[in-house]
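The values are calculated or read from the model by the stated rules, or taken from the named source; none is laboratory data. The model shown is predicted, which means the values in this text are computed figures rather than measured ones. Here the Cβ positions follow ideal geometry from the backbone for every residue, glycine too, while neighbour counts run over all protein chains shown. In case anyone asks, the SASA skips ligands and DNA or RNA and just uses the protein heavy atoms, side chains included. Shrake-Rupley method; radii C 1.70, N 1.55, O 1.52, S 1.80 Å.
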Amino acid sequence: MSALTTSVHRSITEVKQGEWNAIVAQQADTGSVFERYEWLRAYERGTGADARHVQVRKSGTLVGVHPSFVRPLPGTPFRFLGPARPGTNGALIATDEAAVFAAIADEMAALTSGRTIGHLLRPAGDRSLRYGTRLRERDYYPSVRDCRFVLDIDRPWDAVLGDLSGKKRRNLRKADEAGVTATDVPVTPDSIDAFAGRHADHMTRLGGDGASPALLRALLATVGDRLKLFRATVDGEPAGELLAVLDDERGTLVLLFPAYDPANFTQFPSEALYRAAIQWGIDAGYATCDFGETTPEFTDGTFSFKTDFGGEVRPTLRWERIDSLVGRVFYLLGSDRVVGRLFGAGRSARPER
């Protein structure tokens, strides 16, 4: 067997774009748009994040990759290694699975020391379960702190509509009666800048972080062809927007960033936006529509909103390894507030209710 070699890169620009994307999209069958070179480049440009991307080669050929970034733990001198926010960072392996997985895990262990207290592996799909035993042997623990709703849209709109709750169908009729219209609009520098302001206002009302204008502009520059912007209007004025990402690797339309105007909620523009996005995804041939991460709490308004669209709720599985004694104490005590700040990934596409 040929020896494997590993390397760590502090920017995605240090790797070959075509090689990296081939592992993500063609060979590994586990990747997503959030692990592609272009998304990682946008995240670096838009946030200034410090990367620790791992590559594994066999006889000079790239056979495995794992993207990660140094992320601070707010209010402490500590930091950890994890995915972009939003994003995923699976162990993406083309061949010699056991050996390449071990090489990636060994490199991540070497990178966590001192103030870097742990590592979060957040795969895009359930395929990571195949590594469960090996991850546990290396002191990784699975956690489910969030969930996501995934709707099957590989079918006509009428079939999707039939699975909506009666409440959602009534709200859509009320939106139509109120003159709410929703459609996709061109993704341009002007439309992204306008969305950035509305998104910032929306996230301020919710007390969340969201995506900065710098990150949104960087995404436009590097993955503009993967962005889709939907806008609802009432009497010609914007009432809400959704910025979606085209995850062609998984045939999924991801409703990622919201921007709603609370003054118009009685006219149900959020329902009209979701309908427009779903219908566009059906026409474009996508298999699923992902509504983004949600708190797994049935009394939460966002959870209820997405439940009524008839999607399947799926756990967001993370594998967490915390090396420091302090970090382990927090983990064992079950401090969701502290661990959530350490490993949380924010909420996506959340209507304000």
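Couple of notes before you dig in:
- Sum of side-chain charges, G285 neighbourhood, beta-carbon under 14 Å (Lys, Arg +1; Asp, Glu -1): -2
- Cα gyration tensor category, rounded, prolate or oblate, for the stretch 131-243 with a/c compared to 1.5: oblate
- Cα gyration tensor, the stretch 168-224 - rounded (a/c under 1.5), prolate or oblate: oblate
- Per residue, the stretch 22-97 exposes an accessible area of 32 Å² to a 1.4 Å probe, with every protein chain left in place.
- Normalised radius of gyration (Cα atoms, divided by 2.2 N^0.38 Å) for the chain: 1.01.
- Close amide H pairs (under 5 Å, H built 1.01 Å from N) link D50 with V70, residues at least 5 positions away or on another chain.
- The residue among T61, H202, I322 whose Cα reaches farthest toward the positive pole of the charge dipole of the chain, with charges on the beta-carbon of Lys, Arg, Asp and Glu, is I322.
- Partner lysines whose Cα lies under 22 Å from the Cα of K58, excluding those fewer than 8 positions away in the same chain, are identified as K16.
- Mean Cβ count within 10 Å, highest first, over the residues of peptides 314-321, 179-186: 314-321, 179-186
- Straight Cα distances below 19 angstrom link K167 to the lysines K306, with same-chain residues fewer than 8 positions distant left out.
- Candidate residues E14, E297: accessible-area rank, largest first, probe 1.4 Å: E14, E297
- The shape of the stretch 29-83 comes out prolate: with a ≥ b ≥ c from the C-alpha gyration tensor, a/c is at least 1.5 and a/b beats b/c.
- Kyte-Doolittle at least 1.0, axis length at least 20 Å by Cα - qualifying DSSP helices, the chain: 97-111
- Only helices enter the 222 nm calculation for the chain: every DSSP H run of n ≥ 4 contributes -39,500 (n - 2.57), and dividing by all residues gives -10500 deg cm²/dmol, rounded to 500.
- Distance between the pseudo-spin-label points of A178 and L129 (7 Å out from Cα toward the beta carbon): 4.0 nm.
- Solvent-accessible surface (1.4 angstrom probe) belonging to W280, in square angstrom, nearest 10: 60 Å²
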